[in-house]
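Every read-out reported here was derived from the displayed coordinates using simple, explicitly stated rules and does not represent laboratory data. On a predicted model such as this, the values are computed, not experimentally measured, just so you know. When we count neighbours, we look across all protein chains shown, and the Cβ atoms used for this are built from the backbone with ideal geometry, even at glycine.
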Amino acid sequence: MLIFQERKGNGMPNQCKRCQAPVIWVRSVNGKPMILNAKPEKRIVIDRTDPSNPVGIVTDTYTSHFSNCPFANEFRKGKG
Ligand SMILES: [Zn+2]
């Protein structure tokens with residue numbers, strides 16, 4: 001499971017500099033920066049700690065801003 005740490009106090013903008021959408025910057029566990037849409041979506045994760053009794057947990061989840069930014073192709077070129 002990937003666990004993301006929210007980056008705080010690092011001066012990263014809370015807005016996409018291309019489309020102006022509100023975003024959150026985080027760092028993935030492998031150290032790569034990620035840009036997420038600031039608005040969370042309610043999703044359900046399944047805790048299978050006890051495989052015979054899976055537990056559904058409602059939680060806020062975030063989607064990659066690359067999935068909906070109209071300028072995503074420019075980010076991928078590394079010029080962001
Ligand atoms: Zn954008």
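Sorting Cys16, Cys69 from the fewest to the most surrounding beta carbons within 10 angstrom yields Cys69, Cys16. Over segment 5-76, with a single point scatterer placed on each C-alpha, what log10 of the ratio I(q)/I(0) does the Debye formula yield at q = 0.14 1/Å? Once normalised to I(0) and log-transformed, intensities are -0.55. Note on Asp47 and Asn68: their simple-model spin labels are 2.9 nm apart, each label 7 Å out from Cα toward Cβ.
Dipole magnitude for segment 5-76: computed about the Cα centre from +1 point charges on Lys and Arg Cβ and -1 point charges on Asp and Glu Cβ, it is near 320 debye.
In plain terms, the chain from Val29 to Asp60 could stretch by 9.3 nm, reckoned as 0.36 nm per residue minus the Cα-Cα distance.
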